[in-house]
Amino acid sequence: MPQPTDPGGIRVTIDERVLERVPDYVLGLIAVPALDVPRDHPAVRRLLAAAEATVQARGLDKAGVATLPGIAAWRDAYRAVGLNPNRFPCAAEAIARRVAKGDRLPRINALVDLCNAVSLATSLPVASCAVGSVVDELAVRPAGGTETFLPLGQPDAAEHPEPGEVIYADRAGRAHSRRWNWRQSHVLATGTGPQRLLLTVEAADPAGAAQVDAALDRLGDALAELGDPPAHRLRLDRTVRTGSPFAAETVTVGRPS
């Protein structure tokens, strides 16, 4: 397997072909160079319970969840790239549907639970990605169809994305998502213990920049509660398509002064 030539310099890129189909796509990133991820944390526990209660208090059915602004924009984005959002709901819609039915999300660990809490609160896909093995670049791009995807929890059941399907991919020929943000790969799964992490927030409508910034603020505040070491944030869109979130010059996480 190819090894990173510059472990500190992972470059994240949005392919132009994605932005041609979804010009309002915004990708927010928080780089966490090193964090000992706990199984649980009181602050995160409270955030997730409050977010679940808020969703359930709205009394939404499946159709109602689909009309939430952030999720509605993602349904349009999925259609724009040839996906059926009823069959393949974006990550934010999938967990919101589950909670709206009265279910409680499984508690995985403090980082995954935090991302689920912020996703429920903002109706945006939010993910924690363990990027210690990512080779140099992570690109949001159409698949060629030959990339290898290892399903979460089933690393021995390799798949290949459909040609043209939007994926996160690295230079080693690995797909780290299916159907944009519908499913995350086993390779990027965040576990407990020491981790090198990239947190992602995605929006797909004209107000996306403000929505992503607000979600990044929520994540940054919670990371401070976890006693996280200095992290960095970056926002990519059609004006700035590429950047290195782990680079020292990236804006430090926290609410802008």
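The values are calculated or read from the model by the stated rules, or taken from the named source; none is laboratory data. From a predicted model like this one, the values you see are computed outputs, not experimental measurements. Ideal geometry is used to build each Cβ from the backbone, glycine not excepted, and the neighbour counts take in all protein chains shown.
Does region 86-138 hold any residues that are of a type in the set (A, V, I, L, M), at pLDDT 95 or above, closer than 30 Å to G173 by Cβ and more than 14 Å from the chain's Cα centre (by Cα), and which are they?
Residue satisfying the conditions is I108 alone.
Take the conditions surrounded by fewer than 20 Cβ atoms within 10 Å (Cβ to Cβ) and over 28 Å from L234 (Cα atoms) and apply them to R87. Does it pass?
Answer is yes for this residue.
Might you check whether a residue that is among the polar types (S, T, N, Q) and free of Cβ contacts under 8 Å to residues at least 40 places away in the same chain occurs anywhere in region 195-210?
No: region 195-210 contains no residue that is among the polar types (S, T, N, Q) and free of Cβ contacts under 8 Å to residues at least 40 places away in the same chain.
Specify the residue that is surrounded by the most Cβ atoms within 10 Å (Cβ to Cβ); the eligible residues are those in region 150-172 that are within 19 Å of T13 (Cβ to Cβ) and at pLDDT 95 or above.
Out of the qualifying residues, it is V166.
Can you tell me which residue among R171, R233, R196 is assigned to a loop (DSSP other than H, G, I, E, B), over 23 Å from R75 (Cβ atoms) and of a type in the set (K, R)?
Answer to the check: R171.
Conditions tested, residue by residue: (1) among the acidic types (D, E); (2) outside any loop (DSSP other than H, G, I, E, B); (3) within 23 Å of C115 (Cα to Cα).
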residue: E20; (1), (2), (3): yes, yes, no
residue: L35; (1), (2), (3): no, yes, yes
residue: R45; (1), (2), (3): no, yes, yes
residue: G59; (1), (2), (3): no, no, yes
residue: A63; (1), (2), (3): no, yes, no
residue: Y78; (1), (2), (3): no, yes, yes
residue: L83; (1), (2), (3): no, no, no
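Taking region 34-48 on its own, how many of its residues are out of contact with any helix residue (DSSP H, G or I) (no Cβ under 6 Å at 6 or more places or on another chain) and surrounded by 14 or more Cβ atoms within 10 Å (Cβ to Cβ)?
2
Does region 203-215 include one or more residues that are in a strand (DSSP E or B) and at pLDDT 95 or above?
Checked region 203-215: at least one residue is in a strand (DSSP E or B) and at pLDDT 95 or above.
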